[in-house]
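Enquirer: Have a look at the structure that comes next, please.
The values are calculated or read from the model by the stated rules, or taken from the named source; none is laboratory data. This one's a predicted model, so the numbers in the text were calculated from it and none came from an experiment. With ideal geometry, Cβ positions are generated from the backbone for all residues, glycine too; neighbour counts draw on all protein chains shown. Note: areas computed on protein heavy atoms with side chains; ligands, DNA, RNA excluded. Shrake-Rupley method; radii C 1.70, N 1.55, O 1.52, S 1.80 Å.
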Amino acid sequence: MTGLSYSWTEDVLSPLGETGVMIRCGDTISEAVHRRVMSVCALLEKSQLQGILEWLPSFASVTLFYDPLISPYHEVCGMLLHELSKMEEATLGEPRTIIIPVCYGGELGPDLEYVATEHGLTPDEVIAIHTSGDYLVHMIGFAPGFPYLGGLADKIATPRRPTPRLRVEAGTVGIGGKQTGVYPVTTPGGWQCIGRTPLALFRPTENPPSLLAAGDRVRFASISHQEYLEQRRANDEY
């Protein structure tokens, strides 16, 4: 079936500045919309449209950047609509599954107790629920390498902090509403901090620099504080 059963009309395209086009792929955060987003990215990779520079997937859209001196906006939109109208769902293949070790609670996860109390659970129950999830990387954003993960269980979904912290350490695992994620660099942040991983999610000297990419699957594994220190030391030496 062409078009992925979606209406690829002019209203799905909108300008973003003077060199960008946003392609709306849906109105919800879901795996079905995610597949449509990734199919559009696969289409762009295969089509090699004239003047297209790069594109970035998000929850429900793809932002495309182009050179207006090669292809002006109206030509880019025409090319996109032509390709989208005949698009088939891409064969995305088996996604990568990345295991992320996490030391939960204590000084590395100061909000674990709060999350547990909010839901009438023990900290161990929160950890068990969090590590049982199978999470989809919908997009990378906010900070270099920051993964927005779908699939968090409703029973531990917790609103962001009313006042963000000025400093959240790199590797911190957090919960923000119905999402979970990992801070790849030290930055201010308002998510509930429940643990920390020794893995480096953003590695500026490597290509690609982000450990995770849209379409990956993530599972979390609980480790002890001693294991965290040992793995952190090994990663720092690497």
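Enquirer: Is it true that Val37 is in contact with a strand residue (DSSP E or B) (Cβ under 8 Å, 6 or more places away or on another chain), within 18 Å of His82 (Cα to Cα) and in a helix (DSSP H, G or I)?
Expert: Judged against the criteria, Val37 is a match.
Enquirer: Separate question: Any chance the stretch 161-177 includes a residue that's crowded, with 18+ Cβ neighbours inside 10 Å and touching an Asp or Glu at 6+ places or on another chain (Cβ under 7 Å)?
Expert: no
Enquirer: Consider the stretch 40-60. How many of its residues are in a loop (DSSP other than H, G, I, E, B), surrounded by 12 or more Cβ atoms within 10 Å (Cβ to Cβ) and out of contact with any Leu (no Cβ under 9 Å at 6 or more places or on another chain)?
Expert: The qualifying residues number 4.
Enquirer: I would also like to ask the following. Which one is surrounded by the most Cβ atoms within 10 Å (Cβ to Cβ), of the residues in the stretch 13-36 that are within 26 Å of Gln50 (Cα to Cα) and hydroxyl-bearing (Ser, Thr, Tyr)?
Expert: Residue satisfying both the conditions and the ranking: Thr19.
Enquirer: How do the pairs read when you match residues in the stretch 210-236 that are under 27 Å from Phe142 (Cβ atoms) and modelled with pLDDT of 95 or more with residues anywhere that are of a type in the set (Asp, Glu) and surrounded by 13 or more Cβ atoms within 10 Å (Cβ to Cβ), using Cβ under 6 Å and keeping only pairs 6 or more apart or on different chains?
Expert: Every condition considered, no pair remains.
Enquirer: Within the stretch 179-238, restricting attention to residues that are small (Gly, Ala, Ser) and surrounded by fewer than 14 Cβ atoms within 10 Å (Cβ to Cβ), which residue is nearest to the chain's Cα centre (by Cα)?
Expert: Ala221
Enquirer: Identify all residues within the stretch 208-226 that are over 17 Å from Asp124 (Cβ atoms) and assigned to a helix (DSSP H, G or I); write none if there are none. Before you say what the answer is, go through the steps one by one.
Expert: Going residue by residue through the stretch 208-226, those that are over 17 Å from Asp124 (Cβ atoms) are 208-219, 226.
Answer for the stretch 208-226, where residues must be over 17 Å from Asp124 (Cβ atoms) and assigned to a helix (DSSP H, G or I): just Gln226.
Yes or no, residue by residue, for (1) small (Gly, Ala, Ser); (2) open to solvent by 30 Å² or more (accessible area, probe 1.4 Å); (3) in contact (Cβ under 8 Å) with a residue 24 or more places away in the chain; (4) in contact with a helix residue (DSSP H, G or I) (Cβ under 6 Å, 6 or more places away or on another chain):
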residue: Ile70; (1), (2), (3), (4): no, yes, no, no
residue: Pro95; (1), (2), (3), (4): no, yes, yes, no
residue: Cys103; (1), (2), (3), (4): no, no, yes, yes
residue: Leu121; (1), (2), (3), (4): no, yes, yes, no
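Enquirer: Further question on the same structure: Check Ile127 against each of (1) closer than 28 Å to Asp236 by Cα; (2) open to solvent by less than 10 Å² (accessible area, probe 1.4 Å) and name the one condition it does not meet.
Expert: (2)
Enquirer: Just one of Glu89, Glu113 is acidic (Asp, Glu), surrounded by 14 or more Cβ atoms within 10 Å (Cβ to Cβ), modelled with pLDDT of 95 or more and over 20 Å from the mean Cα position of the chain (by Cα); which is it?
Expert: It is Glu113.
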